[in-house]
Every structure is written in C-alpha cells, then in structure tokens.
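To keep things clear, I will list the structure first and then write my remarks on it.
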Amino acid sequence: MGDEDWIELKFRLADGTDIGPSKYSQFMTVASLKEKIIAQWPKDKENAPKMITEVKLINGGKILENNKTISEARSSVSIGEIPGIVTTMHVVLRPPIFDKKNEKLQNDLPVKNRCVCCIL
C-alpha cells in the first residue's frame, strides 16, 4: 500500500482531549476504528466505553456508519481535504441505559434513538 492509502486521524473527546494523531488505512471499517479508539482510551478518564455501540464518530457533522470504510465515510462528507493534514473526528459516547424498575443496565437499544452533540 502506498502513502495515499493511509490517513492521519486524531479523535477529539467531549472534554477537549485528543487521542492520536495516528495513521490508519483508508480501507479500515469504522467499527474497527472504534475498537482501536476504545483500546487507546485514556485510563484516567471516567466512563470509558466498553463496546463499539457506545461510541459515535462524527466527521463533518455526520455520524459515521460502522459498516463503511474510512474512505467511504469521508467521501460522503463534502468537505475539502488537504493532503498531509491531520483530520479530526469527534467522539461522542452514548450513555448507558438503566432499567428504572431494576436499576440494572439494559443491553437492549431504546425504541427512540436520541443523539445530542455539543461541539465546543
């Protein structure tokens, strides 16, 4: 693979800290990228995600789909990319869902998907 097959990414967390920058293959799926983010998550942070379903990646104001490659996800965002520049993606965590009756963590997804993103 040549240099054009790699992209340099960093990930901005909600508190303003960053993971990276690191180089990733453009053919890597967003789900694989999320697994790497979870593995690199700062140990001193509370509420670290445990599964990729808890992580949302945002690039250019769009939530990236797990089954797409980085290249496909970036091409769906109509933002001009400058070669050699680090791309910043925002990481948003979905809070755990608790069953109010049993005070236990629910594994099922809610009927309504709600997402709130605050980019400072």
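The values are calculated or read from the model by the stated rules, or taken from the named source; none is laboratory data. For clarity, every value in this text was computed on a predicted model and none was experimentally measured. Cβ sites come from the backbone with ideal geometry, for glycine too, and all protein chains shown count toward neighbours. Surface accessibility is based on the protein's heavy atoms, side chains included, excluding ligands, DNA and RNA. Shrake-Rupley method; radii C 1.70, N 1.55, O 1.52, S 1.80 Å.
Applying the selection to the range 67-76, what residues are part of a helix (DSSP H, G or I) and surrounded by 13 or more Cβ atoms within 10 Å (Cβ to Cβ)?
Pass one, the range 67-76, residues part of a helix (DSSP H, G or I): 70-75.
Within the range 67-76, I70, S71, E72, A73, R74 meet the criteria.
Please verify whether N102 is outside any helix (DSSP H, G or I) and modelled with pLDDT under 60, treating the condition exactly as stated.
Numbers: outside any helix (DSSP H, G or I): yes; modelled with pLDDT under 60: yes.
In short, yes.
Within the range 32-66, the set of residues being in a strand (DSSP E or B) and either polar (S, T, N, Q) or over 13 Å from the mean Cα position of the chain (by Cα) (or both) comprises N59 only.
Quick one: in the range 10-31, which of the residues that are in a strand (DSSP E or B) and more than 12 Å from V91 (Cα to Cα) is most open to solvent (accessible area, probe 1.4 Å)?
K23
The set of residues in the range 32-66 being open to solvent by less than 20 Å² (accessible area, probe 1.4 Å) and farther than 13 Å from L93 by Cα consists of L33, N59, L64.
Within the range 60-74, residues that are on the phi < 0 side of the Ramachandran plot and modelled with pLDDT under 85 reach partners that are assigned to a helix (DSSP H, G or I) and surrounded by 15 or more Cβ atoms within 10 Å (Cβ to Cβ) with beta carbons closer than 7 Å, at six or more positions or on different chains, in the pairs A73/V30. When the range 8-28 is filtered for residues that are in contact with a His (Cβ under 9 Å, 6 or more places away or on another chain) and either within 16 Å of L64 (Cα to Cα) or not aliphatic (A, V, I, L, M) (or both), the ones remaining, listed by number, are F11, R12, L13.
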